[in-house]
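The values are calculated or read from the model by the stated rules, or taken from the named source; none is laboratory data. Predicted model only: the values in this text are computed from it and were never measured. Because the Cβ atoms are built from the backbone with ideal geometry, glycine has one as well, and the counts that use them run over all protein chains shown.
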Amino acid sequence: MSDNHSVIGRSVPRIDGPEKVSGAAKYTGDLKFPNMLYGKILTSPHAHARILSIDTSEAERLPGVKAVITHKDVPTLKYGLSPARWDESIFCSDKVRFVGDKVAAVACLDEDTCYKALKLIKVEYEVLPAALDFLHAMDEGQPQVHEEYARNINTEIHQEFGDVAKALAEAHHVRTDTFVGQRTYQSPIEPHSAISMWDAEKLTIYSSTQSPHYFQHYIAREFDMPMGDVRIIKPYLGGGFGGKLEPTGLEFAGAVLAKLTGRPVRTFYDRAEMFAHNRGRHAQYMEITTGVDKNGKILAAKANFLMDGGAYTSLGIASAYYAGALLPLTYEFDNYQFDMFRVYTNLPACGAQRGHGAPQPKYAFESHLDNVAADLGIDPMDIRIINARRPNTVTPNDFRVNSCKIKECLERVRVMSDWDEKKKNLPLGRGIGVATGSFVTGAGYPIYRTDLPHAAAFIKVCEDGTAATLYTGSVDIGQGSDTVLCQMAAEAMGYRYEQMKIVAADTEITPLDFGAYASRQTYMSGAAVKQAGEEVKRQILEMASVMLGLPADDLDCDDGKIFSKSRNGKSLSFEEVARKHFVLRGPLLGRGSYTPPKLGGSFKGAAVGTSPAYSFGAQVGEVAIDEETGEITVVGIWDVHDCGKVINPRLLHGQVHGALYMGMGEAVWEEVLFDDKGRIKNAELANYRLLTALDMPPITSEVVDSYEPSGPWGVKEVGEGATNPTLGMFSNAIFDAMGVRVNSLPLSYEKVWRALKEKREREEDAGRERDAKRGAGAPRETDAATQPVYATPS
Amino acid sequence: MAQAITDKDGVKRYLITLNVNGDVHTVLVKGNAILTNVLRDQLDLTGTKKGCELGDCGSCTVLLDGKPVDSCLVLAVEADGRRITTIEGVAENGRLDAIQQSMINHAAVQCGYCTPGMVLSAKALLTRNPHPSEQEVREAISGNLCRCTGYVHIVEAVLATAQGRVTPDDH
Amino acid sequence: MYVPDFEYHAPETVAEACAILAELGDRATVLAGGTDVLHKMKVGKLAPEHLVSLKHLDELREIREEPGRVVIGALTSHNQIYTSQLLQRRYLSLPMAAHTMASNQICNLGTVGGNIVNGVPSADLPPILIALDASIRLVSAKGERTMPLEDFFWGSAQTRMEPGEILTEISIPDQQTTGSTYLKFGLRRSGALAVAAAAVSVRVSGDTLHGVRIVLASAAPTVLRVAEAERSLIGRRIDDELLAQASRPRDSIRGSADYRRNLVAVLTKRALKKAIDEGHA
């Protein structure tokens, strides 16, 4: 297909760049309104406790306190992000379910008074035993987090495709491995914040939200208001990564405080409160079994998982399904079984975090695959190429894959990273590992059941054509959607990016868009934008045809000029044509919308994981381990992605860098830690270790030439796909460096050191000499704890 | 010692002078007022951000007498009489500084929340060391946490600026 | 976040500061760079009635050479120590230790005096200062005293600071050490507290170790000088066996997991090698 595009495919500078670099960009917490109050939420100090009484009288008497509210003052309708499970209340009334659960809120003249007022609210608790260990949450006699959900089971999944037992029986080699992941947290640098205000019966909330639409929908539902009377506006937003996808106490309590006081109320979380609110990554216990033939081709796979959901559902039902749904994407096999329990615990609720349920399972699968490769004496790169999915195939769980270049990604990353050379020659203590990843390009189905389009857009060309404004409900959370969509609008219209303006993410002004999650916007919002742009272009060409006296189908518009395709001669500027249109025909507008086709199978949970397109990628990482301390130095990372047509190369690579940065942190450095009372020990950024500029290795990011036929200009996603391989890649690189595997995340220095120490002691005990070098294809030492299980041939 | 005023409830406030971006402001602050909050709430300079309020993330970075500091750990009264540069003071008369332009062109800005602090740390570095090595650049910004970029384009942008370029090599 | 209210004082001279502290006793906390005090106040660990700021005491911000010693004012920031050409020339290990302290922003605010007086076992400057045989000067309304920094710490993050005292300066005596270094093990490359750290100074002549000081951080409730290990090394020939032996800790390290014990051993061995081979580095 032709690649002469004027606007897309160029690394144009971000449309919001100047605002952000100059400090002019206003985030929710930067906004001030006349008469504004400050609000804060009182949270539970206990992981599990009955509320016996709440006495707000002293707080109410404190000068500067304008309102104090508890469950008596707010709607009691339970809410949540997953329609199948509305289990949260604005304020707890009978009991609190985690340290950080919401109990009351205050609105005051200033922040200081808020903190003082919270301290004066007297809550009497009866402390209950808490379920803090997800591995045992389903055991008999465990405290029940929600009485209605027996054995603390939030979600239970049993899926089977093909005939797994038969395939395993026929396999040359069957192996099972177990891995455990950890809780991590998105920790965007901008804290959550919301400003609520009422104008008669209309509620407006400025919020640090990834989806004004979902906020609008759920807030309208909670307050039993027509959606049209709820306006959600997203100002600039400082990172979301999935944690800002659902309305929080800040919006719900803030709205009530604003109603009671008749004044705007800004509510906010500080960093510790953000950690408690969470909605971050689920820790998972994962058992992976595969059966392969003698060449390492996977014949069947079984995934048996348990995930820690925390105290509420959030988006966790989808997370639970995603955990298993995406595993069959990168490798082709027909027989697949997925079993999952998502359990409640008395800990902060987990939700969707970049990669949504899939990164830890991928870590498990990729680590397992390397173990299998080692058992068979196959190079890890080769075993992946053997299994790599081909384009235009269907997964066992009914996902249709159109474009797929995972094989090309593997082949390219192999060369880029100098894989073969290094696999042969890296000394002990240095290692290289590979992993693949895949992700949905937008979810096939919305979060709640609706037949509305997933995205809509309109474009208004101003009366003299010197600017065109794109109106989109999509949300730029830093990934650059505002920029990319303006590029797409300009491309579709034949206009110039530099003249584009954008109004986004205001439910009163911009049309419906589900927002920034599941990596949907370039494709889905882009499809709507493309349609809108094409409608503008059609009208422009019609008008120009009149002005030039040429048939419209002989004309084209590009880079702001309308010209005849067949003959040289007069051309017109977009501006003059647009102006003429306005004079003769009124406002020049274009509209577009996008609804995905009906996707997926008809089994329970089939919807989750469906997508009109899937991205693919392969990552290689090289590490050096200091055997004496376990310290891991990342020497380099190489990433090759198949994300379809690239609209803005620099922004795209920035997304790859950021995604694998998060994956890297989760691989070795990040973990949310709790004490035995369910309190977070490291709810701050000194001990929850986000990597600094000094920690990052050189990263080389490339894309393969790819085109997704179902998407606008062939685009696919990249924002979450590049987190998917990272955990497994690190696990494999460290395994390669040490010859022994750490089976739990994070792969901390201490765990690495201990694994090496135990290995050394085992070797000393066995009296074996250690190889200093490894030849290619030489049998690897397998860890005694992970001896393979050989199937008896039938 | 700054002049102190006590109100009828016994609350003491101090009259301090802050030279912010070349503008001299006289403000009335309580003893426990944090510089970040005074800049944002009293002077309406919201470019300086609050990310952690404990000196761990660097999004509150300002230059204090030319040196990058976490303003969230500085009492306003401690900054009395001193010269402060916030992100709003980097562009001159609306013209972006080279480091700012470079950051845009290198796509070193994503969500933008760490950007003000990052720009100030980078600008301070280039002022004291016009030709830093990559290691020195990383050291200079290691106190500015970014969750979006992995720092790759940021380091590129700073090094490019040091080389007199504001556009990427591959442009 | 919430910062509790307090009465603020900003004395113009050391004498004035001491007078205020003498009057207020333990109702007052001294404010130097603020990175520890403000942090503690924000997380609810400290709520002093009075804060006595040392910001006007410019004479405590000098680094100077005097006959027989190098003097570092207590209010010198970590970055001032890092960039001090005098210290880089005389004892490079100290600027390098100051550089590992924390981020650039914290290093511009935090002071060496604060780092010492705060007394936490993970503090980065006390170990190298002790390895360099530093002493400190404490001033109060009652007079002044000096003591070896080594004697300043005891028990669980406790110091021998008396009420009403201000730490004014740190002295490093001219010495015959040929090398020193501070090695810190953190869990990321910036903004990391020491999980374990070792500071050493050595006096090497020919291939013999004539003098050695080994000071461990984060290995015990307080910074710890490992006298027994030192004694076993003195007068010995420098070889790999010596270094290996030095790293077998004989003093018990209370409250540490075996990982920390291991780290401390590894860091001691590496620090000795570096100080022997590279001088003050």
Kindly provide the set of residues from region A:653-679 that are in contact (Cβ under 8 Å) with a residue 12 or more places away in the chain and either among the charged types (D, E, K, R) or not assigned by TED's automatic domain parsing to the domain that holds residue A:719 (or both), ordered by number. A:666, A:670, A:671, A:676, A:677, A:679
Quick check, is residue C:209 outside the structural domain of residue C:69 (by TED's automatic domain parsing) and assigned to a loop (DSSP other than H, G, I, E, B)? no
What are the residues in region A:713-755 that are acidic (Asp, Glu) and closer than 20 Å to residue A:282 by Cβ, if any? A:720
What's the total number of residues in region A:94-144 that are under 23 Å from residue A:61 (Cα atoms) and part of a loop (DSSP other than H, G, I, E, B)? 3
Might you check whether a residue that is over 20 Å from the mean Cα position of the chain (by Cα) and buried (at least 24 other Cβ atoms within 10 Å of the Cβ) occurs anywhere in region A:613-621? yes
Does residue A:628 count as over 30 Å from residue A:277 (Cβ atoms), within 13 Å of another protein chain (Cβ to nearest Cβ) and assigned to a loop (DSSP other than H, G, I, E, B)? yes
Sole miss for residue C:193 among (1) touching a Ser or Thr at 6+ places or on another chain (Cβ under 6 Å); (2) more than 14 Å from chain B (Cβ to nearest Cβ); (3) touching a residue at least 60 places away in the same chain (Cβ under 8 Å) is condition (2)
Restricting region B:130-154 to residues that are more than 14 Å from chain C (Cβ to nearest Cβ) and among the aliphatic types (A, V, I, L, M), which is nearest to residue C:105 (Cα to Cα)? B:154
What residue, among those in region C:1-60 that are within 14 Å of chain A (Cβ to nearest Cβ) and acidic (Asp, Glu), is nearest to residue C:74 (Cα to Cα)? C:36
Residues that are charged (D, E, K, R) and within 22 Å of residue B:4 (Cβ to Cβ): does region C:40-61 have at least one? yes
Only one of these conditions is not met by residue B:103: (1) more than 7 Å from chain A (Cβ to nearest Cβ); (2) at pLDDT 95 or above. Which number is it? (1)
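Does residue A:40 fit the bill of being within 13 Å of chain B (Cβ to nearest Cβ) and either at pLDDT 95 or above or more than 30 Å from residue B:115 (Cβ to Cβ) (or both)?
No; evaluated as a whole, the condition is false for this residue.
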With the checklist (1) crowded, with 24+ Cβ neighbours inside 10 Å; (2) away from chain B (no Cβ under 14 Å) in hand, flag the one item residue A:660 doesn't pass. (2)
Out of the residues in region B:74-100 that are touching a residue at least 12 places away in the same chain (Cβ under 8 Å) and at the interface with chain A (Cβ under 8 Å from one of its Cβ atoms), which is farthest from residue B:127 (Cα to Cα)? B:88
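With A:10, A:97, A:14 as the choices, which residue is closer than 30 Å to residue A:646 by Cβ, modelled with pLDDT of 95 or more and buried (at least 24 other Cβ atoms within 10 Å of the Cβ)?
Residue meeting the stated conditions: A:14.
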Count, please, the residues in region A:664-714 that happen to be within 14 Å of chain B (Cβ to nearest Cβ), surrounded by 22 or more Cβ atoms within 10 Å (Cβ to Cβ) and among the polar types (S, T, N, Q). 2
Does any residue of region A:322-332 turn out to be within 30 Å of residue A:201 (Cβ to Cβ) and assigned to a loop (DSSP other than H, G, I, E, B)? no
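Name the residue, out of B:167, B:127, that is assigned to a helix (DSSP H, G or I) and more than 9 Å from every other protein chain (Cβ to nearest Cβ).
After ruling out the rest, the residue left standing is B:127.
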Checking the conditions here, which among A:209, A:155 is out of contact with any Cys (no Cβ under 6 Å at 6 or more places or on another chain), in a loop (DSSP other than H, G, I, E, B) and buried (at least 22 other Cβ atoms within 10 Å of the Cβ)? A:209
Across region B:1-32, the tally of residues that are within 17 Å of residue B:75 (Cα to Cα), among the polar types (S, T, N, Q) and outside any strand (DSSP E or B) stands at 1
